[in-house]
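This report concerns only the one structure given below.
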């Protein structure tokens, strides 16, 4: 059986759509907030920073702290809008947007392993990653809300697909 070549095959039945969850950016937002706060308040307790601001100008130093926020906002918007994952009855379709190479659809009959996990703060926030492996490649779905549940959904779809494939071949 050959995997479908198009991601939008009308014969495929959607099981679930999901994508990058905004909570996945929380650790980065906290780190940038702490760094910005240290720079903004550093003139009171960091002598080296105070001397740098006198020489380079206070606005230049503070512009660095402020400049991180638009970049972080752009990354946040890009990931939450473009990272989409679609599980159908036959394939897993992954799209990371126009900045990344297209990911060919993963035929569920080829899946050999599905793993899920999260870092420490991700576990607290309920977000993590799901890894889908075939014999020839591995795709990691990042920023997934409830990664264990999503991994179970993918495993169930793989099992159902294999059962249907064996019944059709008999």
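Observations
- Residues located in the stretch 129-147, provided they are crowded, with 16+ Cβ neighbours inside 10 Å and touching a residue at least 24 places away in the same chain (Cβ under 8 Å): 130, 132, 134, 139, 141, 142, 143, 144, 145, 147
- Members of the stretch 93-107 found to be more than 12 Å from residue 142 (Cβ to Cβ), touching a helix residue (DSSP H, G or I) at 6+ places or on another chain (Cβ under 9 Å) and in a loop (DSSP other than H, G, I, E, B), listed by number: 97, 98, 99
- Hits in the stretch 127-149 (condition: outside any strand (DSSP E or B) and over 13 Å from the mean Cα position of the chain (by Cα)): 135, 136, 137, 148, 149
- Selection status of residue 93, modelled with pLDDT of 90 or more, on the phi < 0 side of the Ramachandran plot and surrounded by fewer than 19 Cβ atoms within 10 Å (Cβ to Cβ): no
- Meets criteria (more than 30 Å from residue 152 (Cα to Cα) and modelled with pLDDT of 90 or more) for residue 74: yes
- Meets criteria (at pLDDT 70 or above and either touching a helix residue (DSSP H, G or I) at 6+ places or on another chain (Cβ under 8 Å) or not in a helix (DSSP H, G or I) (or both)) for residue 34: no
- Close Cβ contacts (under 6 Å, 6 or more residues apart or on different chains) running from residues in the stretch 148-160 that are surrounded by 16 or more Cβ atoms within 10 Å (Cβ to Cβ) to residues that are in a helix (DSSP H, G or I) comprise 157/108; 158/108.
- Some residue of the stretch 16-23 being in a helix (DSSP H, G or I) and either touching a strand residue (DSSP E or B) at 6+ places or on another chain (Cβ under 9 Å) or at pLDDT below 65 (or both): yes
The values are calculated or read from the model by the stated rules, or taken from the named source; none is laboratory data. Owing to the predicted nature of the structure, the values given are computational and were not obtained by experimental measurement. For neighbour counting, all protein chains shown are included, and Cβ atoms are generated from backbone atoms with ideal geometry for every residue, glycine included.
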